[in-house]
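Structure record follows, encoded as C-alpha cells.
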Amino acid sequence: MRLLMVEDEQRLAKMVAAGLTAEGYAVDLAHDGRTGLSMARTGDYDAIILDIMLPVMNGYQVCATLRQEGVTTPILMLTAKDGEYDEAEGLDTGADDFLTKPFSFVVLQARIRAMLRRGRTAAAPTVWRFGDLTVDPATRTCRRGGDPVDLTSKEFSVLEYLASRAGEVVSKSEILHHVWDFAYDGDVNIVEVYVSNLRRKIDTPYRRTSIATVRGAGYRLAANGG
Ligand code: CA
C-alpha cells in the first residue's frame, strides 16, 4: 500500500512517515500543496493524508482540484483544533475522513486502515482466498492450509500487491513502485529477494508453487493458490 502525506511540518511528517513505513506502507512526502497535488495526480496512491494549512496551495484546494479532475483516491484531512467548520468545508471538497491535530499515531493508523478498507470494498473482498492460501490486508496476516505464516511487513506488502492482481503478470518494477517508496533508488532485483523469501514461507514447506516466474516479464500469483 502506497501513501502520500502532504504536510509542511517536516518533523511531524518525518515521524509519521517513519511510523507508517515500519508498518509496511510505502510513504512519499510533499511539503507544500502544489507539490502534493502534482504527486497525487499520478493516481499511484492508495490513500492520501492531507494537511489543510499548507504553503502555496491549501489542503482544501488540493482536495477540490483532485476531485474535479476525477481522482478518487481516499483522502484523510488533518485539521487543526476542533474544526467543525473545517470538517464541513472539507466534506464539500470531497475528503473521506478527518483527523484533528494533535493525533496519536495509533488513531491515525486505524483511520488509514478503515479508509483503505472502504476504498477497496467495491473492488476486492476483505480477505483474499487463493485455494488454501489466504491474505488478509486488514490484519496483514497470511495463512497457508490454515497455518499462520510469519511474514515481515515488506514480505507481506509484496504478497499483498501480487494478491491484488492475482492471475496477472506483475513486473518487478511495478512491485518496486507500489511497495518501496519513491525515494528508493536501489536495484529492482531486491524484489527477487522478497519473492524468494515468500516462496520459502508460503510454498516450499507445502510443496506448492503459488508464485510463478514469467520469464522476462515478472511474477504471477496463481488464483488457485498454486
Ligand atoms: Ca500545516
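The values are calculated or read from the model by the stated rules, or taken from the named source; none is laboratory data. Everything quoted here is computed from the prediction, not taken from an experiment. As a convention, Cβ positions derive from the backbone with ideal geometry for all residues, glycine included, and neighbour counts pool all protein chains shown. Accessible surface is based on the protein model in full, side chains and every heavy atom, while ligands, DNA and RNA are left aside. Shrake-Rupley method; radii C 1.70, N 1.55, O 1.52, S 1.80 Å.
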Would you check which residues across region 15-46 are within 16 Å of the ligand (Cβ to nearest atom), modelled with pLDDT of 95 or more and open to solvent by 50 Å² or more (accessible area, probe 1.4 Å) and list them? L29, H31, R34, T35
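To keep it simple, each residue is scored yes or no on (1) surrounded by fewer than 18 Cβ atoms within 10 Å (Cβ to Cβ); (2) assigned by TED's automatic domain parsing to the domain that holds M115; (3) touching a Leu at 6+ places or on another chain (Cβ under 7 Å); (4) of a type in the set (F, W, Y).
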{"residue": "T134", "(1), (2), (3), (4)": "no, no, no, no"}
{"residue": "G146", "(1), (2), (3), (4)": "yes, no, no, no"}
{"residue": "V158", "(1), (2), (3), (4)": "no, no, yes, no"}
{"residue": "S164", "(1), (2), (3), (4)": "no, no, no, no"}
{"residue": "V169", "(1), (2), (3), (4)": "yes, no, no, no"}
{"residue": "N197", "(1), (2), (3), (4)": "yes, no, no, no"}
{"residue": "I202", "(1), (2), (3), (4)": "no, no, yes, no"}
{"residue": "R208", "(1), (2), (3), (4)": "no, no, no, no"}
{"residue": "A212", "(1), (2), (3), (4)": "yes, no, no, no"}
The number of residues in region 156-184 that are over 27 Å from G146 (Cβ atoms) and more than 19 Å from the chain's Cα centre (by Cα) is 1
Among the residues of region 47-65, is any more than 16 Å from the ligand (Cβ to nearest atom), surrounded by fewer than 18 Cβ atoms within 10 Å (Cβ to Cβ), at pLDDT below 90 and of a type outside the set (D, E)? no
Give just the number: which of (1) part of a loop (DSSP other than H, G, I, E, B); (2) under 21 Å from A18 (Cβ atoms) does F156 not satisfy? (1)
Conditions: (1) touching a residue at least 40 places away in the same chain (Cβ under 8 Å); (2) open to solvent by 30 Å² or more (accessible area, probe 1.4 Å); (3) in contact with a Lys or Arg (Cβ under 8 Å, 6 or more places away or on another chain). E192 meets all but one. Number of the miss? (1)
Is it the case, given these coordinates, that A166 is in a loop (DSSP other than H, G, I, E, B) and in contact with a helix residue (DSSP H, G or I) (Cβ under 8 Å, 6 or more places away or on another chain)? no
